[in-house]
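Below is one structure, written out as structure tokens, with a few remarks after it.
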Amino acid sequence: MHGVSAGTATAGAAAGITGRAVRAAAVRELPVKESEEAWTPAELDEVRAELQSEVDRLSHQLHDANSSFSALVRSGGEGAGDDQVDHGATTAGREHEMTIANNARELLEQTQRALVRMGSGVFGVCESCSGPVGKARLQAFPRVTQCMTCKSRAERR
Ligand SMILES: [Zn+2]
């Protein structure tokens, strides 16, 4: 019992490292392919900034899509006397808005997840095989969560 509480105290002291040290360690520990250099803080900041601007952009897009969707629903409700042609046009518009909103929502979730993964130090770890996704791949597609091998395997299925 004494040993357990001593271990807890040690863990607590280790967690007390300054934020700067923790961040530098996280950058060093992010996986890259054997042929690649480790992430530099500048490279990581660049990807993070890109992801963050995507979150902003998609949030706005989603907000706009939701607004026009509400407007379409309202106009559909008020236009009870519309003929078939107008009704059809409204339905098509509604489906179009919903598609845009669904795509934006999905992208937004993927982007936010990438930022969370970056914060918790598992950015670049393949979700399927736990191997490195690859820095070059992440710089091109920061939202991917699988390495090329797992991704192409998943697509063949
Ligand atoms: Zn993989």
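Efficiency by 1/(1 + (r/R0)^6): what FRET value for ARG105 and ASP45, r their Cβ-Cβ distance, R0 = 25 Å, to the nearest 0.05? After rounding, the FRET efficiency stands at 0.40.
Footprinting exposure proxy ranking of ARG156, ARG137, ARG94, fewest other C-beta atoms within 10 angstrom first, gives ARG156, ARG94, ARG137. Sorting PHE69, PHE123, PHE141 from the fewest to the most surrounding beta carbons within 10 angstrom yields PHE141, PHE69, PHE123. The label point for SER152 and the one for ALA140, both projected 7 Å from the Cα toward the Cβ, are 1.2 nm apart.
Over region 32-156, the pair-distance histogram of Cα-Cα distances with 5 Å bins from zero comes to 2, 10, 16, 16, 13, 10, 9, 7, 6, 5, 3, 2, 1, 0 percent, rounded to whole numbers.
Residue exposure proxy: GLU43, GLU34, ordered by other Cβ atoms within 10 angstrom of their Cβ from fewest to most, comes out as GLU34, GLU43.
Any read-out appearing in this document is the output of simple, stated calculations on the displayed coordinates, not a laboratory observation. It should be emphasised that the depicted structure is a prediction, and the values quoted were computed from it without experimental measurement. Every residue, glycine as well, gets a Cβ built from its backbone with ideal geometry; the counts of neighbours run over all protein chains shown.
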